[in-house]
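Shown next, in C-alpha cells, is the structure this report addresses.
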Amino acid sequence: MYFPYLRGKQFELIALREISEIMANKIESISPIIEPVKNSSTLKSTLLELRNKNINFNIIINPSVGDLKNSSGTVLDVIQEQLNGFSNYQIAIIVNEKTNVPEMLNILRERDIEFAGITLIHEAVTNVSAIIDFTDDFSFIINVIYFQKTSRRYNREFDRNTWVGLEDFFITQLKNVDYLAVEDSQFSEEHLYYQQDGFKGFSDFLTIGDNYSETGFLPYAVAIHLSYADNDNKIRIKHFVSDSNDDASDIGGKFAEALEKLVTWCEENNIPDTIAILQFKELYRTGHFPGLGSIKKLSIMHHIELVLNLI
C-alpha cells in the first residue's frame, strides 16, 4: 500500500481532491498522510472529498510545521466538524523525543471521535517499548518509520504487520536553475520490494521532498518535476527547466519553455497519459500559464497516479 506524505498547503490538498477519483478506483492501494499546516477551507473541503469517496487516509494531529504547530486542539476541532459519523481514517501522531505520547492519546480519549486506528510517524525515540505500551489499547496501529531520521533496525521493535517505510527520495537542488545540470535523477524502487522486505506499505514525499517553506518568491527559473518508470519499473524523476533564467521576469514565458520540453519528451518517449500529463498538454496547446502552485499540483497528481499504476 502507498502512503504518500503531503503537507496540507493549498495546492497539495487540491492535488488530492483532483486525483480522488483515481484513488477511489484503487482504494485498497493508497492511504495518504496529511500533515495540516493551516486551518483552511481547502483542508476542510479535501477531508470532505476523501470522506465522500470513502478513501482511507491519515491525518496528523501534532503538525511539526506551519500555523497549526502546537495546535492539536484546532486539528481535532476540524476533524470533529468535517468527519463526524465517518471513521475510515487513522489519527496520526509524529513521534520524536519531544512528543508526549500519553498526553496526545489522552487528548484523543477525551474527544468523541470515531476513527479506524492510530498511525505513529517515528522520527527516532529512545524508549520505544514505552510507545508500544501506551498504544496497546488501540486495535489498529500503523508504524511509519522515517528511516532517514531513525535507522533500518528501528522497525524491528514493532509488529511486522504494522511496518510502513518513509523516506525522502527527492534530491532537492538549492535553486531551480541547478536542475539544468541534473536533468534526470533516481527516485525509488520501494514499490517493487516493500512486500518482499516484510512491510505493510511504503511512503515518500512525492516530487516535493521533506523541505518545508511558508514563503514563496518569484524564481529565476521554472522547473517541472515529472516522475516516470524506467525499463526496470524503477521510479526516476525528469526535470524540465526553463532557459531564460537571468532574472525573475516573465514567469509565464519560463513556464512555456519548460512545458515544451516536458511535452516533447513525453511524446518522444511514449510516456502514458495521466490526468496531469493531459492537463500539461492542454496548457501547452492553449499557451496558458496556470500559476506556480498549479505546476506543483500537477506534478503531485502525476506521481500518485504513476505509483498506483505500478502497484
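Dividing the helix sum by the residues of the chain, where each DSSP H run of 4 or more adds -39500 (n - 2.57), gives a mean residue ellipticity at 222 nm of -10500 deg cm²/dmol.
Ranked by the mean number of other Cβ atoms within 10 Å of their residues, highest first, the peptides 161-172, 267-278 fall in the order 161-172, 267-278. Rounded to the nearest 20 debye, the dipole magnitude of region 1-166 is 520 debye, with +1 charges on Lys and Arg beta carbons, -1 on Asp and Glu beta carbons, and the Cα centre as origin. Protection proxy ranking, highest mean first, for peptides 143-151, 231-239: 143-151, 231-239, where packing is the per-residue count of other beta-carbon atoms within 10 Å, averaged. Evaluated at q = 0.07, 0.12, 0.15, 0.16 Å⁻¹, the base-10 log of the normalised Debye intensity for the chain, with identical point scatterers placed on the Cα atoms, takes the values -0.28, -0.81, -1.23, -1.37.
Note on LYS69: aspartates and glutamates with a C-alpha under 14 Å away, same-chain residues under 8 apart excluded, are GLU35, GLU214.
Please label the shape of region 1-166 as rounded, prolate or oblate, based on the square roots a ≥ b ≥ c of the eigenvalues of the alpha-carbon gyration tensor (a/c under 1.5 means rounded; beyond that, a/b larger than b/c means prolate, else oblate). Taking the square roots of the gyration eigenvalues as a ≥ b ≥ c, region 1-166 is prolate.
Working from the Cα coordinates of region 233-311, the gyration tensor eigenvalues give, after taking √(5λ), semi-axes of 23, 13, 12 Å in decreasing order.
May I ask you to order 187-199, 241-253 by the average number of other C-beta atoms within 10 Å around their residues, highest value first?
Details: 187-199: 15.9, 241-253: 14.4.
With the highest mean Cβ count within 10 Å placed first, the list reads 187-199, 241-253.
For LYS281, the lysines whose Cα falls under 27 Å of its own Cα, not counting residues fewer than eight places away in the same chain, are LYS9, LYS26, LYS175, LYS234, LYS238, LYS254, LYS261, LYS296, LYS297. Within the chain, the selection of entire DSSP H helices by a Cα span of 20 Å or greater along the long axis and an average Kyte-Doolittle value of at least 0.0 returns 251-268, 292-310.
All of the numbers you see were taken from the coordinates with simple rules; none came from a lab. Keep in mind the model is a prediction, meaning the values are calculated, not measured. Heads up, the Cβs are rebuilt from the backbone with ideal geometry, glycines too, and the neighbour counts pull from every protein chain shown.
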